[in-house]
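Structure record follows, encoded as structure tokens.
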Amino acid sequence: MHENNQLHAHSALSRIRNYLGSHSLRYFAGAIAVILAVVTMMLPSAYTVEGPGPTQDVLGSSSGSDVISISGAETHKDSGKLLLVTVNAAGVPGYPVTNAQALVAWLDPKQTVMPQEVVFPVGQTSEEYAEESSQEMDSSQSSATNAALSYLKGKGMDVSGVKVSMHVDDIGGPSAGMMYALGVIDKLTEADETGGKTIAGTGTIDAKGKVGAIGGIRLKMLGALRDGATWFLAPESNCNEVVGHVPQGLRVVKVSTLDEAYQALVAIGQGHTDGLAGCTAS
């Protein structure tokens, strides 16, 4: 029996050698090209893939805890939602993508593909990437708190004993600063600013209340619309990226300061929106 198996194996190898020997390399070029193409598509890509990420209501809760917790002052409920918006990123340290995934994303108008070096420094580890993102978020939350309390103090509110903490899962970076600041103001004021509407927005913020540009705003608008927002507050410095890319069903208002953002929020909640300025190309 063992000898029969050896004979069968030897016969099979002979047939294969004869087949290969009777054909030139050019004959196999197509098959080789296909195999190489498949292997290449399965290799790690040098590109990042970004798509609309999850949103989070800063007036709500995350994992059972308030996103914004305030002590030292009375807080108030709002009937609507203030959504911070995010981008899902793959191809960054710790989250590799294949060339095939990058190609599929390149063909999808709801995703963007960029060289990795545009998104993060070459050689950055997953630990370094996560730490940087976390530090940016912490700094953003601190600036948002300072900007919100300074704004309320300027309106005559005593905020001397107010303490603010923020909690949100798996979201990093600085781009939620403006929405955090609006959330703090909303919770500390009696007015129902949203008027029951779902309003999204994005933008960095400094302690003086200046709203700054962020990345991925086109994708963030898509995520906002997907999760029920009808209004979107965008940094004025991002307007060139906004114009021509606002999804149907979403209206964008440009803002450059926390005061402008809050006044826009109140106007939307009250339905007095005729005077709100949208983005125009510069």
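The values are calculated or read from the model by the stated rules, or taken from the named source; none is laboratory data. Everything numeric here is computed off the predicted structure, so don't read it as measured data. Counting neighbours? That spans all protein chains shown, and the Cβs are built from the backbone with ideal geometry, glycine included. The accessibility values were calculated without ligands, DNA or RNA, using every heavy atom of the protein model including side chains. Shrake-Rupley method; radii C 1.70, N 1.55, O 1.52, S 1.80 Å.
Here are some notes:
- Filter result for Gly156 (under 18 Å from the mean Cα position of the chain (by Cα) and at positive phi): no
- Test: residue in region 121-138 that is under 25 Å from Thr257 (Cβ atoms) and touching a residue at least 12 places away in the same chain (Cβ under 8 Å): yes
- From the options Gly216, Gly249, Gly196, residue that is under 19 Å from Ser79 (Cα atoms) and of a type in the set (Gly, Ala, Ser): Gly196
- Filtered residue count, region 46-67, keeping only those that are assigned to a loop (DSSP other than H, G, I, E, B), out of contact with any Lys or Arg (no Cβ under 8 Å at 6 or more places or on another chain) and either open to solvent by 40 Å² or more (accessible area, probe 1.4 Å) or without any contact (Cβ under 8 Å) to a residue 24 or more places away in the chain (or both): 3
- Hits in region 96-138 (condition: assigned to a strand (DSSP E or B), within 15 Å of the chain's Cα centre (by Cα) and over 24 Å from Gly177 (Cα atoms)): Val113, Met114
- Residue in region 68-75 that is among the acidic types (Asp, Glu) and closer than 30 Å to Asp158 by Cβ present: yes
- For region 176-205, filtered to residues that are within 17 Å of Met137 (Cβ to Cβ) and of a type in the set (Val, Ile, Thr), the residue that is surrounded by the fewest Cβ atoms within 10 Å (Cβ to Cβ) is Thr204.
- Screening Ala207 with (1) modelled with pLDDT of 95 or more; (2) over 21 Å from Pro54 (Cβ atoms); (3) among the aliphatic types (A, V, I, L, M) gives one miss only, at (1).
- Of the helices (runs of 4 or more DSSP H) lying entirely inside region 165-282, those carrying at least 1 residues that are under 28 Å from Gly154 (Cα atoms) are 177-188, 258-270.
- Residue within region 68-89 that is surrounded by 10 or more Cβ atoms within 10 Å (Cβ to Cβ), modelled with pLDDT under 90 and in contact with a Phe, Trp or Tyr (Cβ under 8 Å, 6 or more places away or on another chain) present: yes
- Lys208 being charged (D, E, K, R) and crowded, with 17+ Cβ neighbours inside 10 Å: no
- Identity of the residue in region 150-175, touching a helix residue (DSSP H, G or I) at 6+ places or on another chain (Cβ under 7 Å) and within 16 Å of Ala261 (Cβ to Cβ), that ends up most open to solvent (accessible area, probe 1.4 Å): Pro174
- Filtered by the rule that a residue be polar (S, T, N, Q) and surrounded by 18 or more Cβ atoms within 10 Å (Cβ to Cβ), region 134-145 gives Ser140, Gln141, Ser143, Thr145.
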